[in-house]
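Trainee: Starting off with a structure, shown below.
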Amino acid sequence: MELICPAGTPAAFREAVDAGADAVYCGFRDETNARNFPGLNFSREELGDAIAYARRRGAQTFVALNTFMRAGHEGLWYQAATDAVRLGADALILADFGLMAHVAETYPEQRLHVSVQASASNPDAVNFLVEAFGARRVVLPRTLTISDIARLARQIRCEIEVFVFGGLCVMAEGRCSLSSYATGKSPNMNGVCSPASHVRYRQDRGDLVSELGAYTINRFPRDEAAGYPTLCKGRFDIADARGYAFEDPVSLDVMDQIDALREAGVSALKIEGRQRGKAYVAEVVSTLRKALAATPEERRTLLARLRLLSEGQRTTSGAYEKRWR
Amino acid sequence: MNAGKRTLTLGPVLYLWEGEKWRDFYFRIADEAPVSHVVIGETVCSKRLHFTDPYIAPVIERMVAAGKRIVFSTLALVTLERESQYVRSLIADSPYPVEANDLSALALLEGEPHWIGPLVNVYNAATARVLARRGAGNVCLPPELPASSINEIVSHTPGVDFEVLAFGRMPLAISARCAHARAKGHIKDNCQFVCKDDPDGLPVKTLDRQSFLALNCVQTVSFTCQALLSELSGLVGSGVSRFRLSPQDCDMVAVARLYNEVLHGRVDAEDGLARSRQIYPAAPLSNGFHHGQEGAAWIARARNVAHGANA
């Protein structure tokens, strides 16, 4: 199975390649990709250099153009696709049908991957994208169990890539407007979720309160470590219950299931984290590279070390495990 | 307002209502509500299908007799084999147009006239044209879209009727996990249909007691109620021809009558808003998405602000 690694900066990109990534995915420095954060991503020149660097070392480069084109401004996305193709991207990761149609028609030879943001969660959906746009690979939404994936793999005509490590969307990806409901900025339209521009921390009666837009997302007593107010990882009151309504502040780790994923027919394992620093990327990629080749026992030791890097140091198998639902 | 055609569509009931309540709701809609189209059928959770199954036939019969045009809804999230099978057989057997709410329905509907629901991502005219070529005749745009995008899409996609959510709590997210069951100490596979206890959604408040969201099974909806009344005339001017009313647990016949009056210029939008607040007092109104702001926001009409009237 291929290891697909994130890069938010040219430095992280080189670290990922050096640490053994089969492919690195990244995006341009604008709203055409779903990690449109200040200080992240690539200029055209940086992407060209990165692709060349990867190629010299036998690694591929996937370019994420995985937001939805803003009506009337489609040219920004079309130009990004043109530039990514010109610079030699090995695959474009797309979510928007309009953009997929454009790429399939304009660059029929270009390898097209379906972004997790497209929310193709079943065989009819995936085969539609294969037939309509020539998709060669689908990144599956984090809504499926491993047995769902195995069943799907038998019925579709393209490769499967799944997220195995890093941040975890609780909601079906590409179908969530929670962030824009609170801030006006969304993953689909702006490439951001719970953006830092709308985050505020304040002290209140001994608690640290984290806010997103006008809303309190969490309160941390003095003895509790505070986290970033990602909307779906907040604490809320529901009827008489108070707590993490959607998901605890955990991150995804299913590396202990890689044999099952391989057997299910998965071609590529994806690491989330384009917003992470180069040290994190280097550590995660090199450890997971080793884990892929290790025996199950060795793998456990390797992965235990990695858990320390995870958000809140707690991890989950998410939807891959049926009980999570 | 323009003389262009404009009608109301009743969206599917997104919540789990007891079978008889569901049936009686639709009977009354058939008899009294000025809506041209009724989108009907389970949209949120495949586990709920048996609640309404026994009542679908009599409801459809009553609707058709009343001259309503029926459109069948489909599931928003299809992951299980039985869910795929359900969508396939629904599409194969339906004598009425079907509304796609996920990519599987979209795939299966190619070549026949169909509808696209608000849960399919149509953010630009290029996408709308792809769908139109495949047979989509009516597209209900995602609630997140600002007016500028709606204008642009409608004006560059000929041959499609466009619809906008004008009333109801906005669908914001859907998950494989059931937060509603989780809030009541269950998991999805053993949910005991607790969402039935909250026919208008289960409110989610912040730790500072701000009303924020509502849970509806695996779906999360806004706490606020989308209310595009002042905006109707502008939307008709842009070429939007249908306005969707999403059922809440309130007098939806009164909602339909009110929107119909405002849509046809017989009631002023400001009066309409005041009446709307009386008909559905449970949720504050919002229209922020339409104005390019946060979805929960309420943006008063610009000219009223400018003149300081009705502020």
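Trainee: Which ones in the stretch A:9-49 are part of a helix (DSSP H, G or I) and within 15 Å of A:V285 (Cβ to Cβ)?
Mentor: Those that are part of a helix (DSSP H, G or I) and within 15 Å of A:V285 (Cβ to Cβ): A:A11, A:A12, A:F13, A:R14, A:E15, A:A16, A:V17, A:D18.
Trainee: Pull up the stretch A:98-136, narrow it to residues that are small (G, A, S) and under 18 Å from the mean Cα position of the chain (by Cα), then point me to the one that is farthest from the other protein chains (Cβ to nearest Cβ).
Mentor: A:S115
Trainee: For the stretch A:30-74: of the residues being open to solvent by 20 Å² or more (accessible area, probe 1.4 Å) and within 14 Å of chain B (Cβ to nearest Cβ), which is farthest from A:A84 (Cα to Cα)?
Mentor: A:G72
Trainee: I would also like to ask the following. (1) within 14 Å of chain B (Cβ to nearest Cβ); (2) open to solvent by 10 Å² or more (accessible area, probe 1.4 Å); (3) in contact with a helix residue (DSSP H, G or I) (Cβ under 6 Å, 6 or more places away or on another chain): which one isn't true of A:A81, the others all being true?
Mentor: It is condition (2) that A:A81 fails.
Trainee: Which residues, counting only those in the stretch B:72-99, are aliphatic (A, V, I, L, M), within 12 Å of chain A (Cβ to nearest Cβ) and over 18 Å from B:E144 (Cβ atoms)?
Mentor: B:L75, B:V78, B:L80, B:V87, B:I91 - these are the residues of the stretch B:72-99 that are aliphatic (A, V, I, L, M), within 12 Å of chain A (Cβ to nearest Cβ) and over 18 Å from B:E144 (Cβ atoms).
Trainee: Just to be sure I understand the filter: pairs with C-beta atoms under 6 Å, separated by 6 or more residues or on different chains, first member in the stretch A:83-111 and in contact (Cβ under 8 Å) with a residue 40 or more places away in the chain, second member part of a strand (DSSP E or B) and open to solvent by 20 Å² or more (accessible area, probe 1.4 Å). Which pairs pass?
Mentor: From residues that are in contact (Cβ under 8 Å) with a residue 40 or more places away in the chain, the pairs are A:D90/A:Q60.
Trainee: Something else: Looking at B:V255 and the list (1) β-branched (V, I, T); (2) under 30 Å from B:S46 (Cα atoms); (3) assigned to a loop (DSSP other than H, G, I, E, B), which single condition is not satisfied?
Mentor: Among (1) β-branched (V, I, T); (2) under 30 Å from B:S46 (Cα atoms); (3) assigned to a loop (DSSP other than H, G, I, E, B), the lone unmet condition for B:V255 is (3).
Trainee: How many residues are modelled with pLDDT under 95, within 22 Å of A:E173 (Cα to Cα) and either surrounded by fewer than 14 Cβ atoms within 10 Å (Cβ to Cβ) or among the aromatic types (F, W, Y) (or both) when one looks only at the stretch A:223-243?
Mentor: 1
Trainee: Which one of these does B:I187 not meet: (1) surrounded by 22 or more Cβ atoms within 10 Å (Cβ to Cβ); (2) within 7 Å of another protein chain (Cβ to nearest Cβ); (3) of a type in the set (V, I, T)?
Mentor: Every condition holds for B:I187 apart from (1).
Trainee: Sort out which residues of the stretch A:125-162 are open to solvent by 10 Å² or more (accessible area, probe 1.4 Å), out of contact with any helix residue (DSSP H, G or I) (no Cβ under 8 Å at 6 or more places or on another chain) and touching a residue at least 60 places away in the same chain (Cβ under 8 Å), and write them in order of number.
Mentor: A:R154, A:E159
Trainee: Somewhere in the stretch A:310-319, is a residue assigned to a strand (DSSP E or B), crowded, with 20+ Cβ neighbours inside 10 Å and in contact with a strand residue (DSSP E or B) (Cβ under 7 Å, 6 or more places away or on another chain)?
Mentor: Within the stretch A:310-319, one or more residues are assigned to a strand (DSSP E or B), crowded, with 20+ Cβ neighbours inside 10 Å and in contact with a strand residue (DSSP E or B) (Cβ under 7 Å, 6 or more places away or on another chain).
Trainee: Can you give me the ranges of the strands (runs of 3 or more DSSP E) entirely in the stretch B:188-234 with at least 2 residues that are within 26 Å of B:L258 (Cβ to Cβ) and in contact (Cβ under 8 Å) with a residue 12 or more places away in the chain?
Mentor: Once the strands (runs of 3 or more DSSP E) in the stretch B:188-234 are filtered for at least 2 residues that are within 26 Å of B:L258 (Cβ to Cβ) and in contact (Cβ under 8 Å) with a residue 12 or more places away in the chain, what remains is B:211-216, B:219-227.
Trainee: Please work out if A:A264 is in contact with a helix residue (DSSP H, G or I) (Cβ under 6 Å, 6 or more places away or on another chain), open to solvent by less than 20 Å² (accessible area, probe 1.4 Å), touching a residue at least 40 places away in the same chain (Cβ under 8 Å) and farther than 20 Å from A:C5 by Cβ.
Mentor: Considered against the rule, which asks whether it is in contact with a helix residue (DSSP H, G or I) (Cβ under 6 Å, 6 or more places away or on another chain), open to solvent by less than 20 Å² (accessible area, probe 1.4 Å), touching a residue at least 40 places away in the same chain (Cβ under 8 Å) and farther than 20 Å from A:C5 by Cβ, A:A264 comes out as yes.
Trainee: I'd like to know if the stretch A:185-192 contains one or more residues that are aliphatic (A, V, I, L, M), at positive phi and open to solvent by 20 Å² or more (accessible area, probe 1.4 Å).
Mentor: No, the conditions are met nowhere in the stretch A:185-192.
Trainee: Shifting gears a bit: B:Q293 passes all but one of (1) more than 28 Å from B:I29 (Cβ to Cβ); (2) among the polar types (S, T, N, Q); (3) outside any loop (DSSP other than H, G, I, E, B); which number fails?
Mentor: Status for B:Q293: all satisfied but (3).
Trainee: Ok, one more. Can you confirm whether B:A179 is open to solvent by less than 40 Å² (accessible area, probe 1.4 Å), farther than 16 Å from B:R244 by Cβ and facing chain A (nearest Cβ under 9 Å)?
Mentor: Answer is yes for this residue.
Trainee: Could you run through the stretch B:145-163 and say how many residues are open to solvent by 10 Å² or more (accessible area, probe 1.4 Å) and touching a residue at least 40 places away in the same chain (Cβ under 8 Å)?
Mentor: Residues in the stretch B:145-163 being open to solvent by 10 Å² or more (accessible area, probe 1.4 Å) and touching a residue at least 40 places away in the same chain (Cβ under 8 Å): 7 in total.
Trainee: Quick check on this structure: which one of B:V78, B:V87, B:V59, B:V38 is closer than 26 Å to B:N151 by Cα, modelled with pLDDT of 95 or more and of a type in the set (A, V, I, L, M)?
Mentor: Only one candidate passes the filter, namely B:V38.
Trainee: For the stretch B:266-293, which positions are small (G, A, S), under 23 Å from B:S148 (Cα atoms) and surrounded by fewer than 23 Cβ atoms within 10 Å (Cβ to Cβ)?
Mentor: If the condition is that a residue be small (G, A, S), under 23 Å from B:S148 (Cα atoms) and surrounded by fewer than 23 Cβ atoms within 10 Å (Cβ to Cβ), then B:A269, B:G288, B:G292 are the ones that fit.
Trainee: Among the residues of the stretch A:156-187, which ones are hydrophobic (A, V, I, L, M, F, W, C) and assigned to a strand (DSSP E or B)?
Mentor: Of everything in the stretch A:156-187, those that are hydrophobic (A, V, I, L, M, F, W, C) and assigned to a strand (DSSP E or B) turn out to be A:I160, A:V162, A:F163, A:V164, A:F165, A:M171.
Trainee: Related question: Is there a residue being basic (K, R) and touching a Lys or Arg at 6+ places or on another chain (Cβ under 7 Å) anywhere in the stretch A:250-273?
Mentor: No, that holds for no residue.
The values are calculated or read from the model by the stated rules, or taken from the named source; none is laboratory data. Since the structure is predicted, the reported quantities are computational estimates derived from the model, not experimental observations. Glycine also receives a Cβ, built like all others from the backbone with ideal geometry; neighbour counts cover every protein chain displayed. Please note that ligands, DNA and RNA were not included when accessible areas were found on the heavy atoms of the full protein model with its side chains. Shrake-Rupley method; radii C 1.70, N 1.55, O 1.52, S 1.80 Å.
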